[in-house]
Amino acid sequence: MEDSELQQFVEQIQKLFPLIMRYLEDEASRELIGLEVTPSQMNALFALYGMDDLPMGELAEQMGLTESAATRLVDRLINMNLVRRDRDEQDRRVVRVRLSTYGRQLAELVFERRQQQFTRFAERLEQPAREALLYGLSHLLKVFQLLEQESKSQKT
């Protein structure tokens, strides 16, 4: 890609991403209406959804939080009766977090709302656009992961 093409691409991305993020944030807020949970609390429930349980460190890593920040978040979720915290039976130093029954129900409700929203979006895109979007987003995710790995390796 030539420098001018690359510059044009960067300019277009800088215009598009804030708009797309605004729409996604608005949708995320709408799916939580009436549920009395914050987006970060819901992200924690989604991280635990489909898992029997997760060590606190893994939950923190999945959410991009420090362990102390994840612990504070889990404390709030415990007070809301959305998760449970237990010591690992093999290694008592490890703390595991799992969804409560209520937490699982809430995650399923929001997951269904999100499924409906993405279905509405997908119905308005033609098949070639859906395929191109998946292709582009999956490659973008790989680039983000590569950059994250490079950043971690530079710190060590």
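The values are calculated or read from the model by the stated rules, or taken from the named source; none is laboratory data. On a predicted model such as this, the values are computed, not experimentally measured, just so you know. Here Cβ is always computed from backbone atoms with ideal geometry, including for glycine, and neighbour counts include all displayed protein chains.
For this structure, a couple of remarks:
- Taking residues in segment 16-41 that are modelled with pLDDT of 90 or more, and partners anywhere that are charged (D, E, K, R), the pairs with Cβ atoms closer than 7 Å and at least 6 places apart or on different chains are Gln41/Arg76.
- Evaluated against (1) in the same structural domain as Arg98 (by TED's automatic domain parsing); (2) surrounded by 11 or more Cβ atoms within 10 Å (Cβ to Cβ), Glu25 falls short on exactly one condition, (1).
- When Val110, Val83, Val97, Val10 are checked against the criterion of being of a type in the set (Val, Ile, Thr), surrounded by 11 or more Cβ atoms within 10 Å (Cβ to Cβ) and without any contact (Cβ under 8 Å) to a residue 40 or more places away in the chain, Val83 stands alone in meeting it.
- Residue among Ala69, Ala60 that alone is buried (at least 16 other Cβ atoms within 10 Å of the Cβ) and in the same structural domain as Arg98 (by TED's automatic domain parsing): Ala60
- Among the criteria (1) in contact (Cβ under 8 Å) with a residue 40 or more places away in the chain; (2) among the hydrophobic types (A, V, I, L, M, F, W, C); (3) more than 18 Å from Ala60 (Cβ to Cβ), the one Phe118 does not fulfil is (1).
- Qualifying residue in segment 35-49 (condition: closer than 17 Å to Arg104 by Cα and assigned to a strand (DSSP E or B)): no
- Count - residues of segment 125-146 that are aliphatic (A, V, I, L, M) and touching a helix residue (DSSP H, G or I) at 6+ places or on another chain (Cβ under 8 Å): 1
- For beta carbons closer than 9 Å, sequence separation of 6+ or different chains, a first residue in segment 54-70 that is on the phi < 0 side of the Ramachandran plot and a second that is of a type in the set (Val, Ile, Thr) and assigned to a loop (DSSP other than H, G, I, E, B), the qualifying pairs are Pro55/Val94; Met56/Val94; Gly57/Val94; Ala60/Thr66.
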